[in-house]
Amino acid sequence: MIKIEYPPYQPKIKTEAGKEYIFDAIRKRWVLLTPEEWVRQNFLQYMIQVKNYPASLIAVEKEIELGDLKKRFDIVLYKNAQPWMIVECKEKAVALDRKVLDQVLRYNMSLKLPYLVITNGSYCYAFAVLENKLVEIDSL
């Protein structure tokens, strides 16, 4: 398990019709501020500010097809113009259990990425896919 130390972050937040919205700099639009969105936005800032990952190489909430189903991944990071890492975000109250891992594994059936991450904001697990086996790694 990886403990993430988030950088200081002053998100743009607004209230409309009694609902809070946060500005997503990657999608360049306001999105409803849910507990999961809070985790997603903070994880994005961690990757950009701490890991120095270029924001231009990050995709957020894009649709993928899983057989006949259409799903949306949380975050995909690109490297050399190819999808490289998928991140599944859950709100802090959600345990990072087998169900969450199975979800990201299903997404990866379509994407076939070498790195998978699951996070609930407090903790995250990261995995490398090596020779069709999942190997836990200890850093991003």
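Residues in region 111-128 that are in a strand (DSSP E or B), free of Cβ contacts under 8 Å to residues at least 60 places away in the same chain and either under 14 Å from the mean Cα position of the chain (by Cα) or closer than 19 Å to A59 by Cβ (or both): Y115, L116, V117, I118, F127.
Does V31 count as part of a strand (DSSP E or B), within 16 Å of the chain's Cα centre (by Cα) and not basic (K, R)? Spelling it out, V31 is indeed part of a strand (DSSP E or B), within 16 Å of the chain's Cα centre (by Cα) and not basic (K, R). Selection over region 85-103 of residues that are surrounded by 13 or more Cβ atoms within 10 Å (Cβ to Cβ) and either over 19 Å from R27 (Cα atoms) or in contact with a helix residue (DSSP H, G or I) (Cβ under 8 Å, 6 or more places away or on another chain) (or both) gives a count of 12. Residue count for region 1-26 satisfying the condition of being open to solvent by 40 Å² or more (accessible area, probe 1.4 Å), free of Cβ contacts under 8 Å to residues at least 40 places away in the same chain and either part of a loop (DSSP other than H, G, I, E, B) or under 18 Å from Y46 (Cβ atoms) (or both): 7.
The values are calculated or read from the model by the stated rules, or taken from the named source; none is laboratory data. Predicted, not measured: the structure shown is a model, and the values here were computed from it. All Cβ positions, glycine included, derive from the backbone under ideal geometry; neighbour counts span all protein chains shown. Only protein heavy atoms, including side chains, enter the accessible area calculation; ligands, DNA and RNA are left aside. Shrake-Rupley method; radii C 1.70, N 1.55, O 1.52, S 1.80 Å.
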